[in-house]
Structure formats: structure tokens, C-alpha cells
Ligand code: WQD
């Protein structure tokens, strides 16, 4: 049963790819979302008509204080997220992800806000020691991006103990797909991930799709990942808020499906749906890429009553194609 709420929620990073889907899901569930975004990668066109918007930055304390006035809860998705880039420019990631979040947490505490949903990542785990990975898997990030997410989870743990700030950290696996209703189609600029790269190749923006390694110990030799539809992710944020309204406890929860797709499967289904025989080139393995990453999402089912509904490869590919072709 869906719980109905009228909480006022500041969605920090709400104009981005995942944030815009979260904002839509919140409004549909009866929450009152306000988007706070610096538009560094977020897009105004990602906001559905009538969504309150504040153009602000978590690095500027006055702007956060303004944004948090009269809010009951925060969903924090604002971050830099390119794992490779984070190894070259860690300072950027330290400032935007760590300093920005500390500013936001301190402002939240000052305003007396006690409900906080955080966009965390499977990147907190690092190299999988077993799959599917549950929340008790060791956390040893292998890139600086993943380290920033883990450090924020630890900060949240302290703010829970010391300041009564209750949080749900949602550890996303591989987000993909576009709005199931086709209303959101602001495309990510300069994407680094497999699905948008495939889409850009279909659209003729890129010449070919590089396949990073065909010699992994997997059935077809290519990397396997747990792709989760962004509309499913969005729904989980609504459920995480529901959880914080009824339970006085903080949690870290995986969001995935436990079923994996290989790079080759993604390419095959994308060719089928688009009817375009785009070029594929085999390349060396990308440093730091494990063969197989899968989420154990039983905790999400148990605590949030959430499971993926739209994360099959056909729905992911068809919703992405629709967004890219519109
Ligand atoms: C998926 C698979 C690649 C591109 C990253 C971050 C992770 C998380 C999600 C935020 C792998 C292969 C990719 C290409 C390819 N981000 N690939 N050709 O690396 O699983 O996860 O995004 O929290 O922290 O590291 O996602 O989409 O880059 O790669 O063959 O052009 O596709 O080797 O097997 P990844 P991805």
C-alpha cells in the first residue's frame, strides 16, 4: 500500500538525470518537491511544468540556507560522478562531493531537518569479493569518486548519532533507461556509461561503440552489470522517504535487480530495437573494471517494499531510444 504524504522536500541535484526522475515520482506520490540545482550538468528542461526551482549551489552557504527554508526533508543527488575523472582531479571531487555535502548537512541540522535521503553508489564496495553483493560486503572503494560516497555515508552515520539526522543511503548499481511515461528526455552531455554511448552511436553522434574487453571470465567474455531502470530508482526514493516518516532509524540499502546483462547482450538488444547495425570495436579492458557486478536487493524489498519493475533490457532500451529520438 502506498503511504500518502505532503512533506516538503528539497531535491538537491533535482535537474539531473536521476534527480529529475526522482522529482517527478515525488510529485506523483503527493510530496511537494522543490528542485535545488546549480545546472552544471542538470537541465531546466528536465523540470516538469510547475516544479518550484531554486538555482543554487551547495558550495554557497547562503543559497543552501535559502533553499532549506520551510523544508521537511532533503534528497541529495548533487555530485560529480565520473569515476575515471575522479582519479585525475580528486580535488574537484573533494570539493563538490565532500565539502558540498558537509555544507548541506550543517545547514540541515541548523534548520532542524531530520530526514535525509542520499544518492550513494555501488562504487562504495570496490572490487566485488562475491556476487550478488549485499550491504554487508566490505567497502573498499577503488576510485576517489567511490571514496567520496563512502565518506558521506560515514558522515551521515555520525550525524545520526550526534544530531538525530536520520538518513537512507541508496546504493545505486548501474542506472539506465528514461522516464517510463516519456515525459523526461533531457539528455546527459558527454556521457561515460555504456547505455548512453550506445544511444549516441545509434544517433550517429559517435562513430562506434568500444567494447572494453572480450576476455573476461563470463559466458560471452564481456562485463556483466546490474542495470536498474531510472524510474525504478526514482520510486525507491519515494519509498525511502516513506520509511523515514515511519521508522526512526538510518539505513544503507542497495538498489539493483540481482540479474545481470553483458555488454554484448546490451549491444544485441539495442541493435534489434533500433534496427541500426552500428559499429562495434573491441578494445582493451578498462582499468578497474570488474568482470561482474550484481546487487543483492533483498533489503530494499524487506524494508522499503521495493523491487525493480521496469528494469528488463527491453524496457531500458526502448525508453532510452524514445528519449534520444525525441
Ligand atoms: C558498464 C560495462 C564496461 C562503456 C560506472 C561507475 C559506477 C557507477 C555506474 C555511479 C562495463 C563496459 C562501457 C563503453 C564498454 N556510477 N563498457 N564500452 O563502469 O559498471 O559503472 O557507472 O555511481 O561507479 O564506475 O558502468 O556503463 O561505464 O560500464 O564496453 O563504451 O560496459 O567495461 O563492463 P560501470 P559503465
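Summed over region 187-199, the residues that are modelled with pLDDT under 95 and near the ligand (Cβ under 8 Å from one of its atoms) give a count of 1. Give region 1-59 a look and list any residue that's in contact with a strand residue (DSSP E or B) (Cβ under 8 Å, 6 or more places away or on another chain), under 13 Å from residue 235 (Cα atoms) and in a loop (DSSP other than H, G, I, E, B), or say none. Result: 31, single match.
Of all the residues in region 241-263, those that are assigned to a loop (DSSP other than H, G, I, E, B) and within 26 Å of residue 312 (Cβ to Cβ) number 5.
For region 60-91, a residue qualifies if it is within 16 Å of the ligand (Cβ to nearest atom) and over 28 Å from residue 236 (Cβ atoms), and the qualifying residues are 87, 88, 89, 90. The condition (being surrounded by fewer than 21 Cβ atoms within 10 Å (Cβ to Cβ) and within 16 Å of the ligand (Cβ to nearest atom)) is satisfied by just one residue among 117, 131: 131.
Let's see how each residue does on (1) more than 16 Å from the ligand (Cβ to nearest atom); (2) crowded, with 21+ Cβ neighbours inside 10 Å; (3) closer than 25 Å to residue 115 by Cβ:
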residue	(1), (2), (3)
161	yes, no, yes
167	yes, yes, yes
170	no, yes, yes
177	no, yes, no
201	no, yes, no
206	no, no, no
221	no, no, no
259	no, no, no
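Does residue 282 meet the test of being at pLDDT 95 or above, crowded, with 21+ Cβ neighbours inside 10 Å and not in a helix (DSSP H, G or I)? Break it down stepwise before answering.
Details: at pLDDT 95 or above: yes; crowded, with 21+ Cβ neighbours inside 10 Å: no; not in a helix (DSSP H, G or I): yes.
The answer is no for residue 282.
Cβ-Cβ contacts under 6 Å between residues 6 or more apart (or on different chains), taken from a first residue in region 115-130 that is in a loop (DSSP other than H, G, I, E, B) to a second residue that is more than 12 Å from the ligand (Cβ to nearest atom), are listed as 125/133; 125/137; 125/139; 126/140. In region 298-311, the count of residues that are in a loop (DSSP other than H, G, I, E, B), closer than 20 Å to residue 122 by Cβ, modelled with pLDDT of 95 or more and out of contact with any helix residue (DSSP H, G or I) (no Cβ under 9 Å at 6 or more places or on another chain) is zero. Might you let me know whether region 8-15 holds any residue that is modelled with pLDDT under 95, under 18 Å from residue 152 (Cα atoms) and buried (at least 16 other Cβ atoms within 10 Å of the Cβ)? The answer is no; no qualifying residue exists. The set of residues from region 136-159 being more than 19 Å from residue 76 (Cβ to Cβ), buried (at least 19 other Cβ atoms within 10 Å of the Cβ) and away from the ligand (no atom under 12 Å from the Cβ) comprises just one member, 137. All conditions but one from (1) closer than 21 Å to residue 132 by Cα; (2) in a loop (DSSP other than H, G, I, E, B); (3) within 13 Å of the ligand (Cβ to nearest atom) apply to residue 228; the one that does not is (2).
The values are calculated or read from the model by the stated rules, or taken from the named source; none is laboratory data. Everything quoted here is computed from the prediction, not taken from an experiment. Cβ atoms come from the backbone with ideal geometry, glycine included; neighbour counts cover every protein chain shown.
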